[in-house]
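The values are calculated or read from the model by the stated rules, or taken from the named source; none is laboratory data. Treat the numbers as computed from the prediction; the structure is a model and nothing was measured. Heads up, the Cβs are rebuilt from the backbone with ideal geometry, glycines too, and the neighbour counts pull from every protein chain shown. Remember, those area values only see protein heavy atoms, side chains included, never the ligands or the DNA or RNA. Shrake-Rupley method; radii C 1.70, N 1.55, O 1.52, S 1.80 Å.
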Amino acid sequence: MCGIFGVTNDPDAAQTILAGLKRLEYRGYDSWGIAVKDHLRLKLEKHVGKISLSRTHLPSSHFGVGHTRWATHGGVTQANSHPHLDCSGKLAIVHNGIVDNWATLKKELKGHHLSSQTDSEIIAHLIERELPKGDLLSACQKTFKRLQGLNAIIVFHQDYPYLVAAKSGSPLVIGVNPGNHLISSDTASLLPLTNKVIYLEDNQIAQIFPDLVKIMSLTKQSPIKPRINIINWQAKQADKGKFAHFMLKEIYEQSQIIDLLARSKLYETEQLAKRITQADQVFTVACGTAFYAALAGQYFFSRIAKRQIIPAIGSEFYYHADFLNKKSLLIALSQSGETIDTVQSIQHAQKAGCRVIGLVNVPGSTISRLSNQTLLLEAGPEKAVASTKAFLAKLAILLLTAHQLRHQPQVGQDELHQAARVVRRVLHPDHLSRIRALSRKIVSAGNIFVLGKGQSYPAALEIALKIKEISYIHAEGVPSGELKHGPIALIQKGTPCLVLAPDDETYADIISSALEVKARGAYVIGLSPRNNPVFDYWLAVPDCSHASIIPHVVVGQLLAYYLAVKKGFDPDMPRNLAKSVTVK
Ligand code: M6R
């Protein structure tokens, strides 16, 4: 989604903002722009497309704001990209979110010259109208309160020595850097400049001066003492290092993360298991890949601990929420900690008095602040849009918790260490060249099917999601028993079918499904510890008991990655997708 980056006193503001926007690129965007103050005058630059090797032609300046836009209202054009100006050209705004009542508000702007199709531009003109009645802060305050929907804005006026930030949904983080306070949409983008941050909460407005931050409640009109948080991530963790893409780097980090979690999360998973035992009913909620982790958790809890949990997709949670009460427990899973449907599910659950535990990767994120308790995933900054290491971290924590419920955490630890070893084998050059060769064989496919059974089913869904997200090949994860109920109609000569075949209780059934698709011409690719005559192509993946799904998913991530690279796509920034989905 859109990214915002602002500085208040930088020796080379335009360059620093450009670098900040580059660090926000991973969120997904289609155009970008920067406004700075030069000799007391606002100067603006806007572009369509990616920043990549672009330079800014703005004077260096010391004060300004930039934006990466992910189009919602209005096409991808220079006019629609941010910052947007008022009629005077002295005031610029950048905006993340959607102003639900923008059409109504726009009608009030008779006589104003609007030059874009966006909902955002009206904010600049509404503030302009209020400005003669007070100062910039009060004009922003009055305007922001009238915006309906989930929004975050930064306002910059050439005649004022501060930026104004306000939010009611999308994240905003203030970087505490004495002499040059900063503002951004996320914490990781601030790391090269500071690790001290203040999270702006919903319905708060901030005046950001170089040396000072003043925060006010928008509803109570009262000042709020800013709370400074220290972030323990290193700036270099958010770098690509020697890797061609963030996604590959993040895939490589996974075995270490699993080992780390197996060693370090005993106490926290024990506490989580206690909460689960105390609850009358347990829900999990998440979106996308995080939801597939929740689904895998359902299998872990059921098979290992004989305990039922009910997973729900964030955007569908509301329809299950009638069953929540004070004795329910909600576990919210999220890499970013900002996904709007998950955030709103939590708010909904809390209204019913339900306790919420967040399994979150980004420290200090909205979900971690909203949750009654947070268990950090400790996967480090995840920059590729396609989530990899955060998924595996969630699996590791859920698996360990399931074993905690059986009072056998040691078994969970052993399974995870074994899975980490197998992941390292999957990354051996010989194995990688087999996956790369497979990607060359199936790169022209129109459809790919991934068959799983039991706990391999969520893995099949996740592998299919990775393939479609970054290679744009249609892929479908299918519980193998469902084939005959429909999907088999799509199998033709040469259709690639990945078959997840760990040597466990599911083996016989999954092989029988493989035979059925093969009989209809499918090209059968087996992920299994042993070869089988039904496989046209075999990728050896040793079993690791309940954790077998971990290396299977890693093979799927790598296959998706090579397919994308082979097709010439950037796996880190797939079209139309954003890293954190903060608007509805
Ligand atoms: O940050 P979250 O884990 O809450 O994000 C949830 C989904 O938006 C995310 O997993 C999405 O599906 C990714 N593109 C998956 O690769």
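Here is how the numbers come out for the structure above:
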item: Residue within the range 205-212 that is open to solvent by 20 Å² or more (accessible area, probe 1.4 Å), closer than 23 Å to Ile34 by Cα, among the aliphatic types (A, V, I, L, M) and in contact (Cβ under 8 Å) with a residue 40 or more places away in the chain present; result: no
item: Count - residues of the range 177-192 that are part of a loop (DSSP other than H, G, I, E, B) and either crowded, with 18+ Cβ neighbours inside 10 Å or outside the structural domain of Lys145 (by TED's automatic domain parsing) (or both); result: 7
item: The range 1-47 - residue that is β-branched (Val, Ile, Thr) and more than 21 Å from Asp86 (Cα to Cα) and, of those, farthest from the chain's Cα centre (by Cα); result: Thr16
item: Odd one out for Ala437 among (1) crowded, with 18+ Cβ neighbours inside 10 Å; (2) within 23 Å of Leu498 (Cβ to Cβ); (3) more than 16 Å from the ligand (Cβ to nearest atom); result: (1)
item: Options His57, His47, His62: the member that is open to solvent by 30 Å² or more (accessible area, probe 1.4 Å), within 25 Å of Ala384 (Cα to Cα) and at pLDDT 85 or above; result: His47
item: Residue that is nearest to the ligand (Cβ to nearest atom) [pool: residues in the range 272-285 that are in contact (Cβ under 8 Å) with a residue 60 or more places away in the chain and either assigned to a strand (DSSP E or B) or over 30 Å from Ala578 (Cβ atoms) (or both)]; result: Val285
item: Filtered residue count, the range 128-163, keeping only those that are assigned to a loop (DSSP other than H, G, I, E, B) and over 12 Å from Ile208 (Cα atoms); result: 8
item: In the range 77-108, the residues that are of a type in the set (A, V, I, L, M, F, W, C), within 20 Å of Asn151 (Cα to Cα) and assigned to a loop (DSSP other than H, G, I, E, B); result: Ile98, Val99
item: Any hit, the range 330-341, residues being more than 22 Å from Gln234 (Cβ to Cβ), within 15 Å of the ligand (Cβ to nearest atom) and in a helix (DSSP H, G or I); result: yes
item: Subset of the range 555-584 [part of a loop (DSSP other than H, G, I, E, B) and away from the ligand (no atom under 16 Å from the Cβ)]; result: Lys567, Gly568
item: Among (1) open to solvent by less than 60 Å² (accessible area, probe 1.4 Å); (2) within 16 Å of the ligand (Cβ to nearest atom), the one test that Glu316 misses; result: (1)
item: The one condition in (1) surrounded by fewer than 24 Cβ atoms within 10 Å (Cβ to Cβ); (2) over 22 Å from Lys466 (Cα atoms); (3) in contact (Cβ under 8 Å) with a residue 40 or more places away in the chain; (4) in contact with a Gly (Cβ under 9 Å, 6 or more places away or on another chain) that Pro574 fails to fulfil; result: (2)
item: Selected residue (only one of Lys327, Lys306 is more than 15 Å from Gln373 (Cα to Cα), of a type in the set (D, E, K, R), away from the ligand (no atom under 16 Å from the Cβ) and touching an Asp or Glu at 6+ places or on another chain (Cβ under 8 Å)); result: Lys327
item: Whichever residue in the range 231-250 is surrounded by fewer than 18 Cβ atoms within 10 Å (Cβ to Cβ) and basic (Lys, Arg) and, among such residues, is modelled with the lowest pLDDT; result: Lys236
item: Complete set of residues in the range 460-488 that are open to solvent by less than 10 Å² (accessible area, probe 1.4 Å), within 14 Å of the ligand (Cβ to nearest atom) and part of a helix (DSSP H, G or I); result: Glu462, Ile463, Ala464, Lys466, Ile467, Ile470, Ser471
item: Any chance Lys50 is farther than 19 Å from Pro574 by Cα and among the charged types (D, E, K, R); result: no
item: Pick from the range 418-430, criterion open to solvent by 30 Å² or more (accessible area, probe 1.4 Å) and assigned to a helix (DSSP H, G or I), ranking: farthest from Tyr537 (Cα to Cα); result: Gln418
item: Unmet requirement for His552, which otherwise passes all of (1) farther than 25 Å from Asn361 by Cα; (2) more than 16 Å from the ligand (Cβ to nearest atom); (3) not charged (D, E, K, R); result: (1)
item: Members of the range 251-271 that are among the hydrophobic types (A, V, I, L, M, F, W, C), more than 15 Å from the ligand (Cβ to nearest atom) and open to solvent by less than 10 Å² (accessible area, probe 1.4 Å); result: Ile258, Leu261, Ala262
item: Those residues of the range 365-376 which are in contact (Cβ under 8 Å) with a residue 60 or more places away in the chain and surrounded by 22 or more Cβ atoms within 10 Å (Cβ to Cβ), in sequence order; result: Ser365, Thr366
item: Out of Gln344, Gln350, sole residue that is open to solvent by 40 Å² or more (accessible area, probe 1.4 Å) and either within 16 Å of the ligand (Cβ to nearest atom) or not in a helix (DSSP H, G or I) (or both); result: Gln344
item: Tally, over the range 194-204, of residues that are touching a residue at least 60 places away in the same chain (Cβ under 8 Å) and of a type outside the set (Val, Ile, Thr); result: 2
item: All positions within the range 381-417 that are closer than 28 Å to Ala244 by Cβ, part of a loop (DSSP other than H, G, I, E, B) and either of a type in the set (A, V, I, L, M, F, W, C) or more than 14 Å from the ligand (Cβ to nearest atom) (or both); result: Ala384, Val385, Ala386
item: Residue satisfying condition, being hydrophobic (A, V, I, L, M, F, W, C) and open to solvent by 10 Å² or more (accessible area, probe 1.4 Å), within set Leu405, Leu399, Leu395, Leu359; result: Leu405
item: So Gly454, is it within 26 Å of Lys265 (Cβ to Cβ), assigned to a loop (DSSP other than H, G, I, E, B) and more than 15 Å from the ligand (Cβ to nearest atom); result: yes
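Matching residues to (1) of a type in the set (A, V, I, L, M, F, W, C); (2) open to solvent by 10 Å² or more (accessible area, probe 1.4 Å); (3) within 30 Å of the chain's Cα centre (by Cα):
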{"site": "Asn101", "(1), (2), (3)": "no, yes, yes"}
{"site": "His112", "(1), (2), (3)": "no, yes, no"}
{"site": "Ser120", "(1), (2), (3)": "no, no, yes"}
{"site": "Ala124", "(1), (2), (3)": "yes, no, yes"}
{"site": "Arg129", "(1), (2), (3)": "no, yes, no"}
{"site": "Pro132", "(1), (2), (3)": "no, yes, no"}
{"site": "Leu136", "(1), (2), (3)": "yes, no, no"}
{"site": "Cys140", "(1), (2), (3)": "yes, no, yes"}
{"site": "Thr143", "(1), (2), (3)": "no, no, yes"}
